[in-house]
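What follows is a set of notes on a single structure, which appears directly below.
Derivation of every value follows stated rules applied to the coordinates shown; laboratory data play no part. As the structure is a prediction and not an experimental result, all values here were calculated from the model. Glycine also receives a Cβ, built like all others from the backbone with ideal geometry; neighbour counts cover every protein chain displayed.
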Amino acid sequence: MALMSNRSILEKADLALSDLVQGGGVLKPAQAQAFLEMITKESTLLKQVTAVPMKSPSQQIPFIGFKERILRPRQEGVVLTQAQRTKPSFNMVQLDAKSFIGEVHLSDEQLEDNLEGDNLRQTVLRLIAKRVAVDMEEVAINGDTQSADPVLATLDGILVQARSHVVDAAGARIDTDILHDLLRVMPQEYRRNKSEMRFYTGCDAELRYRRALAERLTNVGDRFLEGSTPITFSGVPLEDVPLFAENTGPSNNLTTILFAHPKNLHLGIWRDVKIEWARDIRQQVLQIVVSLRFDVKFADENGVSKAIRVSAS
């Protein structure tokens, strides 16, 4: 009976994946959308950013803004002059999705353990999405075309792209001086909604700062020590991101702090996500290959600042 049950499960897996990869393996629009939502949901940072479903591998995203004063004193019967009229600024975010491929092996035991009713298709997609989310976030954060790591070298991530406003911590741990400098170095027009902005850094660096705050002999310090009280500076939350590298520098103990509005970061994913599969009967595994294209860009890099050479130890 057990043999028949296992065989039934494997046959069900074949049928579910055969249906999933119809049309050359390209997911249907609804399937692709659900898959992309699972990816962003599983990540720490990417679920906060602006997600852009791309209609082609290369796409421009327009955005409009007003950087100058619009209002003028009103004078009865007097029309505003040409010099008093305000023009919007138009900019384009150029997304050029880079191609990635990944292979997942699911053993027969994993399929049996993770089978949820008849919804195997959803289970397989969720398992893949969990791993893809980690890899995408790593590239989106730490990508560097000069990297020796071929995956990270595919594109420049947000830490490399943030170039205009840089604070050098010179090996110091996170403190109020560094956070203050990150605020001051950014132009004022980008700091108007500070409560919506974020400081992002590595987990150990955040933990060190939390411990420093907890050591203060106050009730506030006790809250940082006893629970997960959010850390804020000047109304801006400080969040730890597990995939922020904390092993850079000569002593492999340095990290970065990024200060930005999360919606300023655009994650573009080409909608043609492809999933193909094959069964290896000798190893008793289901081999699933997923391929997709994505890119990350700031809508306005001038609205970003970062601190480099921050100690995480």
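Annotation for the range 249-313: trypsin sites (Lys or Arg not before Pro) lying in DSSP loop with at most 11 further Cβ atoms inside 10 Å of their Cβ are Arg282.
3J(HN,Hα) couplings calculated from phi for the range 151-164 with the Karplus curve 6.51 cos²θ - 1.76 cosθ + 1.60 (θ = phi - 60°) are, in sequence order, 6, 5, 6, 5, 7, 7, x, 5, 5, 6, 5, 6, 10, 6 Hz; Gly and Pro show x.
Taking a straight Cα-Cα cut-off under 18 Å and skipping sequence neighbours fewer than 8 places away in the same chain, the lysines within cross-link reach of Lys130 are Lys41, Lys47, Lys274.
Of the trypsin sites (Lys or Arg not before Pro) in the range 118-211, the ones in a loop by DSSP (not H, G, I, E or B) with at most 12 other beta carbons within 10 Å are Arg163, Arg192.
Near the amide H of Asn247, within less than 5 Å, lie the amide hydrogens of Leu254, all on another chain or at least 5 residues away, with H placed in the peptide plane.
For Ala51, the amide hydrogen comes within under 5 Å of the amide hydrogens of Leu267, counting only partners 5 or more places away or on other chains and with H modelled in the peptide plane. Suppose a student asked you for the relative contact order of the range 274-313, using Cα pairs under 8 Å spaced at least 6 residues apart; what percent would you report? It rounds to 29 percent for the range 274-313. Residue by residue, the range 238-252 carries 3J(HN,Hα) couplings of 9, 10, 8, 10, x, 8, 5, 4, 10, 10, 8, x, x, 9, 6 Hz when phi is fed to the Karplus relation 6.51 cos²θ - 1.76 cosθ + 1.60 (θ = phi - 60°); x denotes Gly or Pro. Do any chymotrypsin sites (Phe, Trp or Tyr not before Pro) in the range 185-219 lie in a loop, going by DSSP, with at most 15 other beta-carbon atoms within 10 Å of their beta carbon, and if so which? The qualifying sites: there are none. Legend: calculated FRET efficiency, Ala153 to Arg211, from the Cβ-Cβ distance at R0 = 45 Å, rounded to 0.05, equals 0.80.
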